Amino acid sequence: MKESILKRVEKPSRYVGGEYGVRKKSKADFNYCICFPDVYEVGMSNLSIRIVEEVISRVDGAVCDRCFAPWDDLGKELKKEGELLTSLDLKMPLKDFDMVGFTLQYEMSFTTILYMLDLAGIPLKREERGEDYPIIQAGGPCAVNPEPLADFIDLFVIGDGEDSMRELTELKLKLKGVSKSRFLIEASKIQGVYVPSLVEVKYKENGLIEGFSIKEPIKKALCADLDKAPFPPSQAVANCESVFDRAVIEVMRGCYRGCRFCQAGFIYRPVRARGVKTLTEQACSLIKNTGFDEVGLNSLSTGDYPNLKELIKELKENLPEDVSLALPSLRLDSFDGEFVQETRKSSLTFAPEAGTQRLRDVINKDITEEDVERGLNMAFDNGYTGIKLYFMFGLPTETDEDIIGICNIVDKIRKIYSANPQRARRLRISVSASTFIPKPFTPFQWERQIGEEEVSRKVELLRSRLFHKNTYLSWNDFALSQMEAVIARGDRKIGKVLQKAYEKGCYLDGWTDKFNPTLWNEAFLETGVDKEFYTRELGEDEILPWDFIDIFVDKKFLLNERKKAYSATVTGSCKSGCKGCGIQKVYGCNL
Ligand code: SF4
């Protein structure tokens, strides 16, 4: 990229690469580029792209480069100058790679994938790309419903990337020189690989799915033993401040709590924990190679890591004294004074999600009032003076009483705080509410999403009662949540909408100041696709767009969990014994 361009854009450090700790690279027999469809400072905090880079870099003859979405000032400059989007390390045009991969972390990043393909001079539609264009691949959490992107992506990797991306790389090297179609046929034999061009979807007149042309479902890829899995010994230290500026280890994959709205809680099963020895070695290596002064202990619910106390002890003994630990996802019921002392925070984040015990039972958020009280007292005794609470609007069976329940929780927290006169400082409480989004492969995948009017009424109900000073209320943009819901449960027809929306100027939609619902609505109108078709309640006997994918959790189990939700019956966590979700038939969970 011409230096002159860099002088005309914001934060040029996003585009120069050469970070401290970055891997030395040179062109190889197989050249792969992992793309993060959002800006550098967001992508640099993402662990999965670092794992993919490590997996591919360990294969002889392969290299893995990186590319992050340019902010729109650079996008416009590249177009103006007739320059193509290049990778960060080898500075190679994306179209010169053998394979270009996108990580799918968030549905609202899908238009940014089209933006990056366009800036790279790569035709958006897979049917329009001949042999002289790279294979476009995608993976990550949103790949469990790949259909909205089926028009644009040549192959998806569904599930874990550790084994599947290695096999894909080895196959590409082995079949060097064969045609793309031949390679895709061979690749489709790897567990977790889905090639849309090899699967036909039949639709009925009314838009519902009649069936898929494949007999056997696509089984997700699964890395059974995380202790043996490739993990990066170092990480590039970002050139500008990133969302999380710290070293990160993944202590566990999967969660056994089974909250009925949570997609991650089901698609990452079975629960697999890395050993204390492995994690200590990984953390020490990262700190030695990067100089970071903080290590994040990442997972869906780090407080549930089986040997957390032992791990914290080992890390404290083996890491330099000035290195602190961050425990990002602590639930209040697994809150422990010992953990508190280890972290540097003054504000606590807690996600009750629902305002009453009844509704928490409906969503299987197995937290009791006693848990709340015990956890809060511990936090306040350890100096916390701020608390952020997350709730959702529009959960199944929700009533106004549940919304008012949110105010009761806030009042209760204030009472708990002021019960101890030594807690002099005023307590700041932030309440953040988002609209519930029904996601594939959850017990709530069939639920309808509430409309804008209902959300506004609930916001008013809450705002009119949360008038205590030092309590701050915020809520998500409804239109953004609705679009996320449409794409999350979309079928192949959504591809037309994504392309139209991009052509109208929609990309970087994850940024609220970039998201333009008017243009999106025009895209639906002009493609004749009905949004409400994707936010309605789905029939339990309907064929769902993702039904040809098997994540090893039985649909029967999800249906049964939905039924239990409607009677506010808790299933509880797997720690109290296996609940038979289906995974047990193929893999064991280490609990
Ligand atoms: S197999 Fe059993 S223990 Fe494992 S996640 Fe499923 S229900 Fe829980």
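The values are calculated or read from the model by the stated rules, or taken from the named source; none is laboratory data. Being a predicted model, the structure only gives us computed values, none of them experimental. Cβ: placed from backbone, ideal geometry, glycine included. Neighbour counts: every protein chain shown. These accessible areas exclude ligands, DNA and RNA; they are computed on the full protein's heavy atoms, side chains included. Shrake-Rupley method; radii C 1.70, N 1.55, O 1.52, S 1.80 Å.
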Just the accessible area for ARG58, please: 1.4 Å probe, Å², rounded to the nearest 10? 130 Å²
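Of ASP38, ASP245, which has the most accessible area and how do the rest follow, probe 1.4 Å? Walk me through the numbers before you get to the answer.
Details: ASP38 30, ASP245 70 Å².
Highest to lowest solvent-accessible surface, that is ASP245, ASP38.
TYR587: net charge of surrounding residues, Cβ under 9 Å, Lys/Arg +1, Asp/Glu -1, itself excluded? Show your work: numbers first, answer last.
Values: positive: ARG269, ARG272, LYS585; negative: none.
Here the count lands on +3.
Quick check: from the Cα gyration tensor, does segment 105-223 come out rounded (a/c under 1.5), prolate or oblate?
Details: a/c = 1.35, a/b = 1.12, b/c = 1.20.
In terms of gyration-tensor shape, rounded.
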Accessible surface ranking that places the most exposed of PHE533, PHE244, PHE68 first, with a 1.4 angstrom probe: PHE244, PHE533, PHE68
Please name whichever of PHE380, VAL100, PRO148 sits farthest to the positive end of the charge dipole of the chain, dipole taken about the Cα centre and charges placed at Cβ: Lys and Arg +1, Asp and Glu -1. PHE380
Assigned charges on the beta-carbon of Lys, Arg, Asp, Glu; the chain dipole about Cα centre (debye): 660 debye
Estimated vicinal HN-Hα couplings, Hz - segment 426-437 in sequence order (Karplus 6.51, -1.76, 1.60; Gly, Pro = x): 5, 8, 8, 10, 10, 10, 10, 10, 10, 7, 4, 10
Built amide H within the under 5 Å cut-off of LYS219, gap 5+: GLY192, ASP550
Two pseudo-spin positions, 7 Å from Cα along C-beta at ARG463 and at TYR566, lie apart in nanometres by 3.4 nm
Based solely on C-alpha atoms, express the radius of gyration and the Dmax of segment 22-78 in angstrom. 12.7, 38
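At a 1.4 Å probe, what is the % contribution of carbon and sulfur to the accessible area of segment 179-297?
Answer for segment 179-297: carbon and sulfur cover 54 percent of the accessible area.
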Please compute the Kirkwood hydrodynamic radius over segment 387-433, one decimal place, Å, based on all pairs of different Cα atoms. 12.1 Å
In whole Hz, the Karplus estimates of ³J(HN,Hα) for segment 446-452 (6.51, -1.76, 1.60; θ = phi - 60°; x where Gly or Pro) are 8, 5, 7, 9, 5, x, 4
Computed over the chain, the Cα gyration tensor eigenvalues, each multiplied by 5 and square-rooted, give semi-axes in Å (largest first) of 37, 30, 25
Non-local residues with an amide H under 5 Å from the amide H of ILE209, with H modelled 1.01 Å from N and Pro and chain starts lacking one, are LYS204, ILE543
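222 nm [θ] for the chain, helices only, -39500 (n - 2.57) per DSSP H run of 4+, per residue, to 500?
On the way: 20 runs with 194 residues, N = 591.
When only DSSP H runs of four or more count, the value is -9500 deg cm²/dmol.
May I ask for the net charge around ASP73, where only other residues with Cβ less than 13 Å from the Cβ of ASP73 are counted and Lys, Arg are +1 while Asp, Glu are -1? Show your work: numbers first, answer last.
Working: positive: LYS7, ARG8, LYS11, ARG14, LYS76, LYS79, LYS80, LYS514; negative: GLU10, ASP72, GLU77, GLU81.
Counting the neighbours of ASP73, the net charge comes to +4.
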Length gained if GLN422 through LEU47 is fully extended, taking 0.36 nm per residue and subtracting the Cα-Cα distance, is 130.9 nm
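Apply 1/(1 + (r/R0)^6) to the Cβ-Cβ distance of LYS555 and LYS313, taking R0 = 30 Å, and write down the FRET efficiency to the nearest 0.05. Mind dumping the intermediate values first?
Numbers: r = 42 Å, r/R0 = 1.42.
According to the calculation, E is roughly 0.10.
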Pop out the Kirkwood hydrodynamic radius of segment 15-153 from its pairwise C-alpha distances, inverse of mean 1/r, in Å to one decimal. 15.2 Å
Accessible surface of ASP381 in the full protein assembly, 1.4 angstrom probe, to the nearest 10 Å²? 100 Å²
Can you tell which of GLY539, ALA565, GLN482 lies farthest toward the positive end of the dipole of segment 444-591, using +1 and -1 charges on the Cβ of basic and acidic side chains (Lys, Arg; Asp, Glu)? ALA565
Alpha carbon centre of segment 444-492 versus segment 250-279: separation in Å? 27 Å
Residue by residue through segment 314-325, what is 3J(HN,Hα) from phi via Karplus (6.51 cos²θ - 1.76 cosθ + 1.60, θ = phi - 60°)? Round to whole Hz and write x for glycine and proline. 4, 5, 5, 6, 9, 8, x, 4, 7, 8, 9, 10
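Using Cα pairs closer than 8 Å and at least 6 residues apart in sequence, work out the relative contact order for the chain, in percent. Intermediate values should be presented prior to the final figure.
Values: 1091 pairs, mean separation 87.0, N = 591.
Computed value for the chain: 15 percent relative contact order.
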